[in-house]
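A.B. asks: Quick one: structure below, then a few questions.
The values are calculated or read from the model by the stated rules, or taken from the named source; none is laboratory data. Note that the structure is a prediction, hence the values are computed from the model and not measured. Counting neighbours? That spans all protein chains shown, and the Cβs are built from the backbone with ideal geometry, glycine included. The protein model used for the area step is the full one, side chains on, heavy atoms only, and it has no ligands, DNA or RNA in it. Shrake-Rupley method; radii C 1.70, N 1.55, O 1.52, S 1.80 Å.
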Amino acid sequence: MKIFDVARREYIATAGTKGFMFGVLVFPALMTVLIILLPRLIDDKPPKYVGSIVLVDRTGWEGEGGVTIGSMLKQAYRPETLAAEHAAQSEGTEKAMESQFGEAGKAAASKITEQMLGDVPEIDVVIAAPDADIESLKDEMKTGTTKDGSRLALVVIDREAVFGTTEEPEANQTPEPGADENQEQEQDPGQVQEQEQEQDEQVKFGSYEAFIKPKLDDRFQGPLRQKVVDAIVEARVRAAGQDREAITALTSVLPVKPVEVTPEGERDSLSGEQNIWMAMGFMMLLWISVMNGGQFLMMTVIEEKSSRVMEVLLSAVSPRQLMTGKILGQMCVALTILAIYVTVGLVALNQFNYLYLIDVADLGLLVVYFFIAFLLMGTLMAAIGSAVTEIMEAQSLLTPVMMVLIIPLILFAPLTRSPNSVFSTVVSFIPPISPFAMVIRLAASEPIPLWQIPATIALGILSVYVAIWATAKIFRIGVLMYGKPPNFRTLIKWVRMA
Amino acid sequence: MSDAIIIEGVTKTFGEKTAVDGLDLRVGQGAMYGFIGPNGAGKTTTIRMVMSIIFPDSGRLSVLGKASAVESKDRIGYLPEERGVYRKMRVGSFLSYMGRLKGLDGGAALNKRIHDWLERVGLEAEIKKKCEELSKGMQQKVQFISCVLHEPELLILDEPFSGLDPVNMRLMRDLFMEQHERGATIIFSTHVMHQAEQLCDHIVMIDHGQKMLDDSLDAIRDRYTPRELLVEARDSGHDLSVLRSIEGVGDISSLNGATVVAIRNGDDPSDVIARIASSVAVRRIEIKRPTLEDVFVDVAVGGSERSAAEIREELRGASGVDLRQEGLS
């Protein structure tokens, strides 16, 4: 009964303070608000681009039926074309997400692409004369905004972008009649000089230059690049008398997804990314709750010692009762922290339709390993708290404990990479690291051999028993010991002594 | 009537130092026991062993009929020397917590009791305040309430007066007496002799972990028959050195304007008084009652190579402030 009174006070005194509220609750609260608000905020779609692109085509190429780079670009920027691309893009993402994550993935993808792509832009392609003054065209871009129909970009296609140049003029011969003129122009030595490379026997093609207004993001830049390149390639292919579709058919292979072969059967390979995030999440949950709870425990023990309330308490309860009550109370505090973070995590995953990643059994095991980790580290922290009088003095004793706690962070990468290696298995059986290693491995991709779960839990219980036994002894001596803080050797002596 | 506390041959060492050395003690029920001795004599160690906070290396303890205080903690009130409160806790909740730890049921009855007690010591307005907002004296009252809240049968007070002003000291003393009248056995330790003298009916004196004295206050006074007289001449300018020539008078010294006359061994004090009165015109002449301090010094001198003056100095050094307040209390 008294143990519960102690635990209750401990819980209220820790979890009921403003510091706790801020330290533990504000962070996840902020996260929750962000997670819930962010999609709403993104609902405010990015601005729609309205304006024109000026094209200066210096190649002079004109294909069958009067097709030019300019006309192809115009075609590519027709509203219908843009709308179709838009739809295809979001459909593609949806399909990819659906194949990986099912219906939920599709829904998430459509929402996300919708928000990412924004409205279909309205863009007019203006074709300027091949010899237009680039500088004055640039000046035209300096006024207006990206939404009011002003000049957004200037694209200048190099003279050699379609036909290219080689050492032998014959190589540039094309069946196009219009091309002959250009060819002649190109062979004007003064103009071609800089592009020519004597040693190169390959056809050397020119490129294009693009000038854009500031504050145009990738939603504008990406398609612009793509469309200009497409138009140039198309022109080159036609100029060479080839069939574009045939070339595309020849050069493309549909991408495939590797299939994992496991003893349980075949399945689509997960990218592994989610698993790493889950493992990281699980470990951090455990880490944060254990660290916080353990530190609170140490602090309250030190507070009771330094405020000299300890002996008053010991007149009513035995050191063992006091210690048990405090550990219980702080365990509830740590559980509260864990519950808050898990809830925030679940809300977040739900928000992004990732909830299926969580295995309920894994969550249950997380709680089991939490108890082991907390009782192990928490009691150690209580022992340290009982041995010192001031928080400052605790630092030197705390360093080794912190070092042990950092090991799982360092081991995170090797553990997720090969969760069932000999190394991972060995690490899972080193008491203070065991619960952390196990939660990482639980969330990692490969399933753990089943026997290891009860085995590590049994080991955990055993080590918790030893830790509590030792702490009880240190606690009993430590709580009334004032003055010079003991070192680890002294603590071990106390354990042996009592 | 059984004894509230029985200590038999209890020894406790801390490393090299023997804090308590083969102590035997019996405290009868309902007694008001004074535990005196200089700092470091072993008082707190003994009390902590009685409270089962530390355990003796050897010897036997019995508290309220049980083998250790662990089994009867709810019947004991303990005000340790190293005492404190939860700084961030409110006075009311602190007392309620301590009450529940002492086995009281929480709820309206406990709250009423806390309220009544706070009212008695004049702290009813502070019930909602945080403990850190109270002055040291106020905190001490709160601590005292926390150890009598459950109406203990045995009350152990370790240096209860340290740090109190005379007004609060008197208040505390009245509260102790009240507990005593209620029938509680009270043990209180102090290094300030006159406090024990004023309160206790039984004195235990400890020095260097050993019991030097264990008797009722009256018996102690009887045993240490007065060997000194206080003499004040009617005319303050009168030279009292003439007293030296009177038969039975030993050393003469002066104390606060009066003259202390030592009586030679073998002479009856009343004979000496008669002889002084007949030879000098005196305003006052009285037998100087031995104070506990005198007794202590007397006892301590017997057991050590230190001189009486050294021991007196040690005692006063340790308790200078409290001694000066003698006149006020």
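A.B. asks: Compare each residue of segment B:18-58 in its chain alone against the assembly with all protein chains, and report those whose accessible area goes down by 30 Å² or more; 1.4 Å probe, heavy atoms.
C.D. replies: Listed by number, the residues meeting the 30 Å² cut-off are B:Arg48, B:Ile53, B:Phe55.
A.B. asks: Placing +1 at every Lys and Arg Cβ and -1 at every Asp and Glu Cβ, with all other atoms neutral, what dipole size does segment B:147-263 have around its Cα centre, in debye to the nearest 20? List each step's numbers first, then the result.
C.D. replies: Details: 9 positive and 21 negative charges, 47 e Å.
Around 220 debye, computed over segment B:147-263.
A.B. asks: With every protein chain left in place, what is the accessible area per residue of segment A:270-497 in square angstrom, probe 1.4 Å? Don't skip to the end; give the middle numbers.
C.D. replies: Details: 9380 Å² over 228 residues.
Here the per-residue accessible area is 41 Å².
A.B. asks: Suppose we compare each residue of segment A:464-480 in its chain alone and in the full protein complex with a 1.4 Å probe; which ones drop by at least 10 Å² of accessible area?
C.D. replies: The answer is A:Arg476, A:Leu480 - residues whose exposure falls by at least 10 Å² when every protein chain is included.
A.B. asks: For B:69-75, what's the mean count of beta carbons from other chains sitting within 10 Å of each residue's beta carbon? Show your work: numbers first, answer last.
C.D. replies: Details: counts 2, 4, 0, 0, 7, 2, 0.
Partner-chain Cβ atoms within 10 Å, mean over residues of B:69-75: 2.
A.B. asks: Dipole size in debye (nearest 20) for segment B:87-229 around its Cα centre, Lys and Arg Cβ +1, Asp and Glu Cβ -1? Don't jump to the answer; show the numbers that get you there.
C.D. replies: Working: 20 positive and 23 negative charges, 167 e Å.
So the magnitude is around 800 debye.
A.B. asks: Within segment B:10-105, what whole-number % of the accessible surface is contributed by carbon and sulfur, with the 1.4 Å probe and all protein chains included in the calculation? Working shown, then result.
C.D. replies: Numbers: 1580 of 3470 Å².
C and S atoms contribute 46 percent here.
A.B. asks: Can I ask one more? Using only C-alpha atoms and all pairs of different ones, pull out the Kirkwood radius for segment A:369-467 in Å with one decimal. Walk me through the intermediate numbers first.
C.D. replies: Numbers: mean 1/r = 0.0704 Å⁻¹.
About 14.2 Å for segment A:369-467.
A.B. asks: In vacuo Debye scattering of segment B:3-215, one point per C-alpha: log10 I(q)/I(0) at q = 0.15 Å⁻¹?
C.D. replies: Taking Cα atoms of segment B:3-215 as identical point scatterers yields -0.95.
A.B. asks: Here's a follow-up. State, in angstrom, two size descriptors of segment A:407-449 derived from its alpha carbons: Rg to one decimal place and Dmax to the nearest whole number.
C.D. replies: Here Rg and the maximum Cα pair distance are 8.7, 23 Å.
A.B. asks: Averaged across A:154-164, how many Cβ atoms of other chains sit within 10 Å of each residue's Cβ atom? It would help to have the intermediate numbers written out before the result.
C.D. replies: Details: counts 0, 0, 0, 0, 0, 0, 0, 0, 0, 0, 0.
Partner-chain Cβ atoms within 10 Å, mean over residues of A:154-164: 0.
A.B. asks: Taking the highest mean first, how do the peptides A:231-243, B:66-78 order by number of other beta carbon atoms within 10 angstrom per residue?
C.D. replies: Details: A:231-243: 17.8, B:66-78: 19.5.
Ranking, from highest mean packing down: B:66-78, A:231-243.
A.B. asks: Now for a different question. Please report the orientation-averaged projected area of segment B:225-287, defined via the convex hull of its C-alpha atoms, in nm².
C.D. replies: The directionally averaged projection comes out at 3.8 nm².
A.B. asks: Continuing with this model, one more query. Checking an interface number: how much accessible area is buried between A and B, summed over both chains, with a 1.4 Å probe, in Å² rounded to 100?
C.D. replies: On the way: alone 26600 and 15910 Å², together 40310 Å².
When A and B are taken together, about 2200 Å² of accessible area is lost.
A.B. asks: If you don't mind, another one. How many Å³ per residue does the convex hull of the Cα positions in segment B:20-75 occupy? Mind dumping the intermediate values first?
C.D. replies: On the way: hull volume 5.4 nm³, N = 56.
Residue-normalised Cα hull volume stands at 96 Å³.
A.B. asks: Using just the C-alpha positions of segment A:270-497 as equal point scatterers, what log10 of I(q)/I(0) does the Debye formula give at each q in 0.12, 0.16, 0.18 1/Å?
C.D. replies: -0.67, -1.05, -1.24
A.B. asks: Sticking with this one: Please give the peptides B:159-172, B:23-36, A:244-257, B:121-134 ranked by average Cβ packing (other Cβ atoms within 10 Å per residue), highest first, as a rough proxy for protection.
C.D. replies: Details: B:159-172: 17.6, B:23-36: 20.3, A:244-257: 8.5, B:121-134: 15.4.
Ranked by mean Cβ neighbours within 10 Å, highest first: B:23-36, B:159-172, B:121-134, A:244-257.
A.B. asks: Can you show me the helix-derived [θ] at 222 nm for chain B, built from DSSP H runs with n ≥ 4 at -39,500 (n - 2.57) apiece and divided by the number of residues, rounded to the nearest 500. Could you put the intermediate results ahead of the total?
C.D. replies: Details: 10 runs with 115 residues, N = 329.
The per-residue figure over chain B is -10500 deg cm²/dmol.
A.B. asks: How far apart, in nm, are two points set 7 Å out from the Cα along the Cα-to-Cβ line at B:Ser245 and at A:Val360?
C.D. replies: If labels sit at B:Ser245 and A:Val360, their model points lie 11.3 nm apart.
A.B. asks: Now for a separate question. State to the nearest 20 debye the size of the charge dipole of segment A:270-497 about its Cα centre, where the only charges are +1 on K and R beta carbons and -1 on D and E beta carbons. Mind dumping the intermediate values first?
C.D. replies: Numbers: 12 positive and 9 negative charges, 172 e Å.
Dipole magnitude for segment A:270-497 comes out near 820 debye.
A.B. asks: Kindly report the accessible area of segment B:155-236 per residue (heavy atoms of protein chains, probe 1.4 Å, no ligands, DNA or RNA), in Å². Can you show the working numbers first?
C.D. replies: Details: 3230 Å² over 82 residues.
So segment B:155-236 comes to 39 Å² accessible per residue, rounded to a whole number.
A.B. asks: Give the residue from B:Leu134, B:Ile187, B:Pro166 lying farthest towards the positive end of the charge dipole for segment B:3-215; charges sit on Cβ (+1 for Lys and Arg, -1 for Asp and Glu) and the dipole is referred to the Cα centre.
C.D. replies: Of the candidates, B:Leu134 comes out farthest on the positive side.
A.B. asks: A further question on this structure: Charges on Cβ only, +1 for Lys and Arg, -1 for Asp and Glu, centred on the Cα centroid of segment B:3-215; of B:Thr13, B:Gly34, B:Ser146, which one is farthest towards the dipole's positive end?
C.D. replies: So the residue furthest toward the plus end is B:Ser146.
A.B. asks: Inside 10 Å of the C-beta atoms of B:121-128, what's the mean count of C-beta atoms belonging to other chains? Before the final figure, lay out the partial values.
C.D. replies: Numbers: counts 0, 0, 0, 0, 0, 0, 0, 0.
Going residue by residue through B:121-128 and averaging, the value is 0.
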